[in-house]
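Peer 1: Got a structure for you, written out below as structure tokens; questions coming shortly.
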Amino acid sequence: MLEPLWDWIQINQGGATILVASSLLLLVASAALLPVAIRLLPTDYFVSRHRDRQPPRHLPLPLYVAYLIGKNALGAVLLVAGVAMLVLPGQGILTILVALILLDFPGKYRLERKVVRYPWVIRSINWIRRRWDAPPMEAPPREEKP
């Protein structure tokens with residue numbers, strides 16, 4: 001069963017090396033950056049049904065546009081990394097959640113709340129926050145009415 005994989009690795013040693021190195025880099029990056037991002041979230045981030053989008057205060061338009069582009073680019077990279085971590089070593093679901101927080105798209109907040117409603121996700125988030133001496137996140141209500 002593993003023979004075709006082994007054959008592919010022998011034929012594509014450079015590609016296999018890149019995959020292994022990328023996997024290790026994603027593991028280290030997620031282990032270092034995810035706790036910081038999760039700690040910085042306000043405790044009531046997932047509680048209210050709607051969130052007011054507030055741009056950074058007092059930024060000139062060019063800086064605000066650069067901020068939006070950078071935030072969404074980082075979110076896109078984290079989303080790809082999180083999906084990869086579903087099969088590679090790393091914290092895939094939490095990385096995807098942080099990516100969703102950074103990205104701007106319609107229905108984003110509803111999707112974030114849906115992901116956080118899984119008990120093991122909020123437990124993982126609160127475990128990380130406890131380790132960083134941050135108060136626990138408030139869980140969103142179980143059911144959302146339109």
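We did not get these values from a lab; they are worked out from the coordinates using the rules stated. Bear in mind the structure is a predicted one, so any value in this text is a computation, not a measurement. Ideal geometry is used to build each Cβ from the backbone, glycine not excepted, and the neighbour counts take in all protein chains shown.
Peer 1: If contacts are Cα pairs under 8 angstrom and at least 6 residues apart, what is the relative contact order of the range 3-131 in percent?
Peer 2: With pairs under 8 Å counted, the relative contact order is 28 percent.
Peer 1: Helix hunt in the chain: which complete DSSP H runs extend at least 27 Å axially by C-alpha with mean Kyte-Doolittle at least -1.0?
Peer 2: Counting only whole DSSP H runs, the qualifying helices are 13-40, 61-84.
Peer 1: Follow-up. Averaging the inverse of every distinct alpha carbon separation and then flipping it gives the Kirkwood radius. What is it for the chain, in angstrom units?
Peer 2: Here the Kirkwood hydrodynamic radius works out to 17.3 Å.
Peer 1: Also, I was wondering about something else. Which of the trypsin sites (Lys or Arg not before Pro) found in the range 77-146 are loop residues per DSSP with 16 or fewer other Cβ atoms within 10 Å of their Cβ?
Peer 2: Sparse-neighbourhood loop trypsin sites (Lys or Arg not before Pro): 117, 142.
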